[in-house]
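Report on the structure given below.
The values are calculated or read from the model by the stated rules, or taken from the named source; none is laboratory data. What you see is a predicted model; the values in this text were computed from it and never measured. Backbone-built Cβ (ideal geometry, glycine too); neighbour counts: all protein chains shown.
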Amino acid sequence: MAEVTVYLFAEKTGLKIVTKGKEMLTIREGNVNRPGLQLSGFFRHFRSERLQVFGESEMTFYDTLIDEEKQRFLYTFFAYNLLGIVICRGIPAPQEFIDACEEHGIPLFTTEEGTSDFITRVKSFFSYLLAEKCSVPGVLVDVLGTGILLTGDSGIGKSETALELIRHGHKLVADDVVDLVKVDNERIIGSAPERIRFLMEIRGLGIIDVRQMFGVGAVLTSKRISLVIELMPFETVKEMGFDRLDRNKHYQEILGVNVRKIVLPVAPGRNIASIIEIAVQNIKLDDMGYNVWDELDAKITR
């Protein structure tokens, strides 16, 4: 369940408010209802908790009803606790709809958009509202099309590494704080909080605007996270006994989704940005079926 104000809902979905009704919309599921069956008088299994969307077909059918049938429909329809009503294709809201919405405190909207296009847009918005979310410290970059979440202790060099990657032609998504959203039960999408979008903090320099400095091609507003790279001091890695030639794949759970993970030792003289580029290319080769360990084993066997 999620709540959104009527004004924000209208802004995000491109709707015009006809009647405001209640201040907040309580979204319980990501689907909508087209009340064609209800217009014909069938209210069994009516999903009144969904947004009610009237397209051209529904409004044309409504216009064919005689006054008595319209009154019967309106009486039964508005007896339910409706979430809200949207009339598509630029069709003006009938005055009786406006009166009933004002009487029952139900938001009524109109849009010039086609019905199918609007439903696609609003279902996407509902999915975002209902998705599991969290925020984590770190930096999110796009390297060769792969979304990489850089994590590690404060001062380890996450932002400096990301800046070097940007200079190599890769893209920044978020610095310092990354907002995460679980989508489709298997994808994690990361983005930056709006107030710090496209900004980076570099120790000794302060705040820089990556979009203004490197151009719009150097930034993205969101990216699917496919790899977590934890930057860790070399001595700490050594003390924890990490295998230098570890052949196993490691994962980190984020919002219930397992994401591939690499622990990268940080030490003076190591070019972390270049190593990250090579790591991404190596994972891409692995995904394509090439495994360097299998190749090495074959050579040793021969």
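Restricting attention to region 250-262, which residues are farther than 18 Å from Leu140 by Cβ and surrounded by fewer than 11 Cβ atoms within 10 Å (Cβ to Cβ)?
Gly256
Quick check: anything in region 213-224 over 14 Å from Val136 (Cβ atoms), crowded, with 16+ Cβ neighbours inside 10 Å and over 22 Å from the mean Cα position of the chain (by Cα)?
yes
For Lys12, work out the one condition from (1) in a loop (DSSP other than H, G, I, E, B); (2) of a type in the set (Lys, Arg); (3) surrounded by 14 or more Cβ atoms within 10 Å (Cβ to Cβ) it doesn't fulfil.
(1)
What is the residue count in region 268-302 for residues that are surrounded by 11 or more Cβ atoms within 10 Å (Cβ to Cβ) and not in a helix (DSSP H, G or I)?
Adding up the residues that qualify gives 4.
Could you list, ordered by first residue, the pairs with Cβ atoms under 7 Å in which the first is in region 1-19 and under 19 Å from Leu130 (Cβ atoms) and the second is modelled with pLDDT of 95 or more and acidic (Asp, Glu), at least 6 apart or interchain?
Note: no pairs meet the criteria.
Only one residue in Val292, Val266 is farther than 20 Å from Arg187 by Cα, modelled with pLDDT under 85, in the same structural domain as Val178 (by TED's automatic domain parsing) and over 28 Å from the mean Cα position of the chain (by Cα). Which one?
Working: Val266 fails: modelled with pLDDT under 85.
When all the criteria are applied, what remains is Val292.
Given the conditions (1) in a loop (DSSP other than H, G, I, E, B); (2) of a type in the set (A, V, I, L, M, F, W, C); (3) more than 16 Å from Asn271 (Cβ to Cβ), and given that Val122 satisfies all but one, which numbered condition is not satisfied?
(1)
Could you identify the single residue in Gly21, Gly55 that is in the same structural domain as Thr120 (by TED's automatic domain parsing) and modelled with pLDDT of 95 or more?
One residue alone meets the criteria, Gly55.
Does region 78-91 include one or more residues that are assigned to a helix (DSSP H, G or I) and not aromatic (Phe, Trp, Tyr)? Break it down stepwise before answering.
Residues of region 78-91 assigned to a helix (DSSP H, G or I): none.
Within region 78-91 (the criterion being assigned to a helix (DSSP H, G or I) and not aromatic (Phe, Trp, Tyr)), the answer is no, since none of the residues qualifies.
Which of the residues belonging to region 104-119 are part of a helix (DSSP H, G or I) and among the hydroxyl-bearing types (Ser, Thr, Tyr)?
Step one: list which residues in region 104-119 are part of a helix (DSSP H, G or I), which gives 104, 115-119.
Of everything in region 104-119, those that are part of a helix (DSSP H, G or I) and among the hydroxyl-bearing types (Ser, Thr, Tyr) turn out to be Thr115, Ser116.
Being in a strand (DSSP E or B) and either hydrophobic (A, V, I, L, M, F, W, C) or buried (at least 19 other Cβ atoms within 10 Å of the Cβ) (or both) is the filter here, so list the residues in region 20-64 that pass it. Step through it out loud before you land on a result.
We begin by selecting, within region 20-64, every residue in a strand (DSSP E or B); these are 24-27, 32-33, 51-54.
Listed by number, the residues that qualify are Met24, Leu25, Ile27, Val32, Leu51, Gln52, Val53, Phe54.
Give region 73-98 a look and list any residue that's surrounded by 14 or more Cβ atoms within 10 Å (Cβ to Cβ) and either free of Cβ contacts under 8 Å to residues at least 12 places away in the same chain or of a type in the set (Lys, Arg) (or both), or say none.
Arg89
Can you tell me which residue is modelled with the lowest pLDDT among those in region 193-245 that are among the β-branched types (Val, Ile, Thr) and in a strand (DSSP E or B)? Lay out the reasoning, then the answer.
First, the residues of region 193-245 that are among the β-branched types (Val, Ile, Thr): 196, 202, 207-208, 210, 216, 219, 221, 225, 228-229, 236-237.
With in a strand (DSSP E or B) added as a condition, the list becomes 202, 207-208, 219, 225, 228-229.
Details: Ile202: 92, Ile207: 95, Ile208: 95, Val219: 97, Ile225: 97, Val228: 97, Ile229: 96.
Checked region 193-245; the qualifying residue modelled with the lowest pLDDT is Ile202.
Before we move on, is Thr111 within 15 Å of Thr19 (Cα to Cα) and touching a residue at least 40 places away in the same chain (Cβ under 8 Å)?
For Thr111, the condition - within 15 Å of Thr19 (Cα to Cα) and touching a residue at least 40 places away in the same chain (Cβ under 8 Å) - is met.
Six or more apart or on different chains, Cβ under 9 Å: which pairs go from a residue in region 193-208 that's in contact (Cβ under 8 Å) with a residue 24 or more places away in the chain to one that's among the hydroxyl-bearing types (Ser, Thr, Tyr) and assigned to a loop (DSSP other than H, G, I, E, B)? Could you list them?
Once the first residue is in contact (Cβ under 8 Å) with a residue 24 or more places away in the chain and sits in region 193-208, its partners that are among the hydroxyl-bearing types (Ser, Thr, Tyr) and assigned to a loop (DSSP other than H, G, I, E, B) give Arg197/Thr221; Phe198/Thr221.
In this structure, is Leu165 aliphatic (A, V, I, L, M), crowded, with 22+ Cβ neighbours inside 10 Å and in a strand (DSSP E or B)? Let's see the steps before the verdict.
Numbers: aliphatic (A, V, I, L, M): yes; crowded, with 22+ Cβ neighbours inside 10 Å: yes; in a strand (DSSP E or B): no.
For Leu165, the condition - aliphatic (A, V, I, L, M), crowded, with 22+ Cβ neighbours inside 10 Å and in a strand (DSSP E or B) - is not met.
Among the residues of region 239-247, is there at least one that is on the phi > 0 side of the Ramachandran plot and loosely packed, with under 11 Cβ neighbours inside 10 Å? Full working, then the answer.
Start the filter on region 239-247 by keeping residues that are on the phi > 0 side of the Ramachandran plot, which leaves 241.
Going one step further and asking which of them are loosely packed, with under 11 Cβ neighbours inside 10 Å, we end up with 241.
Checked region 239-247: at least one residue is on the phi > 0 side of the Ramachandran plot and loosely packed, with under 11 Cβ neighbours inside 10 Å.
Confirm whether Leu140 is at pLDDT 95 or above, within 30 Å of Ala279 (Cα to Cα) and crowded, with 16+ Cβ neighbours inside 10 Å. First the steps, then the outcome.
Values: at pLDDT 95 or above: yes; within 30 Å of Ala279 (Cα to Cα): yes; crowded, with 16+ Cβ neighbours inside 10 Å: yes.
It is true that Leu140 is at pLDDT 95 or above, within 30 Å of Ala279 (Cα to Cα) and crowded, with 16+ Cβ neighbours inside 10 Å.
Being under 18 Å from Lys133 (Cα atoms) and of a type outside the set (S, T, N, Q) narrows it down to one residue among Arg224, Arg260; which is it? Give the steps one after another, and end with the answer.
Numbers: Arg260 fails: under 18 Å from Lys133 (Cα atoms).
Being under 18 Å from Lys133 (Cα atoms) and of a type outside the set (S, T, N, Q) holds for just one of Arg224, Arg260, which is Arg224.
Does at least one position in region 194-202 carry a residue that is within 10 Å of Gly138 (Cα to Cα) and not polar (S, T, N, Q)? Steps first, answer last, please.
Step one: filter region 194-202 for residues within 10 Å of Gly138 (Cα to Cα), giving none.
Checked against the condition, which is being within 10 Å of Gly138 (Cα to Cα) and not polar (S, T, N, Q), region 194-202 yields no hits at all.
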